[in-house]
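Each remark here refers to the structure printed beneath this line.
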Amino acid sequence: MNTSYGRQVWSLVQRQSRVALLNRPTKSGVAVVLPTEVLEPRAAPAATTRMGPALCTTRASLAAAGGAFWSPKSHISLPARWFSSSSSQKRTDPKHQLIGDIAVLSPEADTSGASELLKQSRIRVVAQKTSGCSGALRLQQFRWLAGEDRLHTKHNEQGVKLKLDLTKCFFNPKLQTERQRLCGLVEPDERILVLYSGAGVWPIIFAAKTSCKEVVGIELNSEAHEIALENARLNKVESKLKLINGDASKINELDLGRFDRIVAPRPKGDDVPDDAATLAALQNYLKPHGFLHLYGFGHMPPGVCTNIKELKDPGEDMERLLSLAIGDDAAYEFRTALRCPRAPIGRSNSGKGLFRIGVDLQLR
């Protein structure tokens with residue numbers, strides 16, 4: 001049996017909810033348990049239970065499970081209808097993102113299949129986001145759909161344990177790759193400032209995963225701040241962490257000193273307060289040649305951009321951020337820009353894909 005067919009069978013195994021996988025594919029074959037009516041042996045019945053040398057199971061246990069062993073050498077054919085896009089077994093689960101054990105559907109998602117998600121062992125709650133971030137506290141709105149009646153959960157990112165309440169704090173699991181990227185940039189003994197620190201995700205991950213000296217987080221939302229304090233205790237990083245329940249726009253009233261790196265993960269929202277003055281003042285809190293990581297919303301080509309001139313027509317919000325590094329008298333030098341995540345988060349008024357874009361600037 002050819003390799004292409006083997007890939008088809010493995011794809012089928014991954015798609016079917018009624019399939020129990022005994023081990024991952026090896027060069028010698030794949031052991032699976034399938035409903036017996038699915039299999040159509042071409043050769044003798046004994047071929048269906050041939051055991052590969054790398055498999056830790058017995059013919060008796062496999063038969064007792066009502067299944068059979070498949071490998072490229074076992075001469076078993078699966079009906080073509082099982083590979084058809086119109087198959088009744090094709091997964092119809094709505095698209096979602098997973099936060100802890102809560103599956104979160106987008107506002108435009110079809111919710112008719114929400115309860116089907118509960119068949120996945122790691123999902124205990126299904127909810128739908130009904131609005132983006134809004135107001136000074138930058139909160140999103142959700143509605144419960146199925147499962148346990150709650151919107152709080154425990155999430156794990158990079159081995160960091162996080163308690164979250166979707167109704168009290170902003171959290172985006174799609175920014176995990178970006179948080180990993182920044183952790184890789186942090187040098188030993190850095191002081192890091194995180195604005196809009198929410199439930200403490202960014203500062204706690206910096207404290208837990210880098211050799212920085214200190215991380216300071218500022219969050220206006222008192223409920224999110226309390227969750228952040230609990231998460232700091234949970235991960236035992238209090239000695240490297242200072243969390244402040246305060247307004248980032250009044251940073252000039254805080255005696256914080258200077259930092260090697262400042263991170264401002266700005267969420268998107270129609271009525272989120274304008275932070276232009278706050279961003280412009282951050283240069284006063286950076287050490288010479290320190291880094292400022294900003295997050296805006298607009299348009300840019302895929303990949304990493306290292307030349308600011310390549311960012312043509314990026315959108316109003318991005319133009320405001322990039323203006324900090326344009327001109328001979330600009331306070332910053334442009335370093336990089338990239339989509340995070342790579343997929344669009346929506347559409348702009350012009351119909352173009354709208355992306356969250358990370359911008360790395362360095363103080364001159």
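The values are calculated or read from the model by the stated rules, or taken from the named source; none is laboratory data. Remember, predicted model here, so these are calculated numbers, not experimental data. Positions of Cβ are generated from backbone atoms using ideal geometry, with glycine treated the same way; all protein chains shown enter the neighbour counts. Note: areas computed on protein heavy atoms with side chains; ligands, DNA, RNA excluded. Shrake-Rupley method; radii C 1.70, N 1.55, O 1.52, S 1.80 Å.
Structure summary
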quantity: R0 of 35 Å, Cβ-Cβ distance I345-S121: FRET efficiency to nearest 0.05; calculated: 0.75
quantity: Mean separation of Cα contacts under 8 Å (6+ apart) over length of region 291-364, as relative contact order %; calculated: 43
quantity: In region 131-191, the trypsin sites (Lys or Arg not before Pro) that fall in loop regions by DSSP, at most 16 other Cβ within 10 Å; calculated: R150
quantity: Stretch gain in nm, segment K154-R258, where the contour uses 0.36 nm per residue and the Cα spacing is subtracted; calculated: 34.1 nm
quantity: 15 Å Cα-Cα reach of K161 towards aspartates and glutamates, excluding residues that sit fewer than 8 places from it in its own chain; calculated: D101, E230, E238
quantity: Within region 148-300, percent of DSSP bridges classed antiparallel, to nearest 5; calculated: 25
quantity: Using a Förster distance of 45 Å, the FRET efficiency for T167-K309 (Cβ separation, nearest 0.05); calculated: 0.55
quantity: Entries in K163/K240; K163/K242; K154/K174; K174/K213 that, when Cα-Cα distance is taken, lie over 21 Å; calculated: K174/K213
quantity: Those aspartates and glutamates that a straight Cα-Cα span of less than 17 Å connects to K250, excepting residues fewer than 8 apart in one chain; calculated: E219, D274, D275
quantity: Hits among lysines - C-alpha to C-alpha of K352 under 18 Å, sequence gap 8 or more where chains match; calculated: K268, K312
quantity: Surface share of carbon and sulfur [accessible, 1.4 angstrom probe, percent] for region 88-180; calculated: 46
quantity: Potential lengthening between S239 and S106 on full extension [0.36 nm per residue; Cα-Cα distance subtracted]; calculated: 44.1 nm
